[in-house]
Amino acid sequence: MTGLLLVAIVLGSRGLPGLRLRARPYTVATLFLAFGVAYRYTVWVSAPASRRLFRKGRQAALSWRNLRDAPTALPRMIATYLGFQKFLGARSQRPLGGPPADVWGCLLAAAITFPLTWGWFTFTASSAAGPGYEMRLWGFTVLGFDSASLLAGRCTTAWTSRPSW
């Protein structure tokens, strides 16, 4: 897992030029995280009861009936269990706005943080002379914008303007 993640980081950042100096410790930490998760999963599956559970789960997931129903069942399960946390609603009578918001906040934070850390998602100056920026995904320009635009926010102009004194 660590090797696959390292290859994905190198390929996704196009040879590591997008990997910022301050992001390198976080990148190393995520490589250790991948190793730890893979190791713990391997240890878990090596136990006889867990191995039986893993085999049964794999057989159920790869059965023809489940694969045939997957195009509709998988999005429905993601929306029901991950998106709206319906399993919590069966156990509680209180309104459940918090847990789904927590889950989606964590998922969005991970979806933004990991690609930024690995150099897959970068913001670069579009030119040395102008105040524009380019948003790049895997080295390809996705969006270009001016630093004074609504997309960039108004606070960036205070940092780029010259002092009046």
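The residues Met77, Met1, Met135, sorted by heavy-atom accessible surface at 1.4 Å with ligands and nucleic acids left out, run Met1, Met77, Met135 from largest to smallest. Site pair Leu62 and Arg76 shows an inter-label distance of 2.5 nm when each label is modelled 7 Å from Cα along Cα→Cβ.
To the nearest 0.05, what FRET efficiency results for Thr42 and Ala101 with a Förster distance of 30 Å applied to their C-beta separation? Calculated transfer efficiency: 0.35.
Multiply the residue gap between Asp69 and Glu134 by 0.36 nm, knock off their C-alpha separation, and tell me the result in nm, one decimal place.
Values: separation 65, 0.36 × 65 = 23.40 nm, distance 4.13 nm.
Once the chain is fully extended between Asp69 and Glu134, it gains 19.3 nm.
Full extension of the segment from Ile112 to Phe84, taken as 0.36 nm per residue of separation minus the current Cα-Cα distance, would add 7.9 nm.
The values are calculated or read from the model by the stated rules, or taken from the named source; none is laboratory data. The structure displayed is predicted, hence computed values, not measured ones. Note that each Cβ is placed from the backbone with ideal geometry, even for glycine, and that neighbours are counted across all protein chains shown. Areas reflect the complete protein model, heavy atoms only, side chains present, ligands, DNA and RNA absent. Shrake-Rupley method; radii C 1.70, N 1.55, O 1.52, S 1.80 Å.
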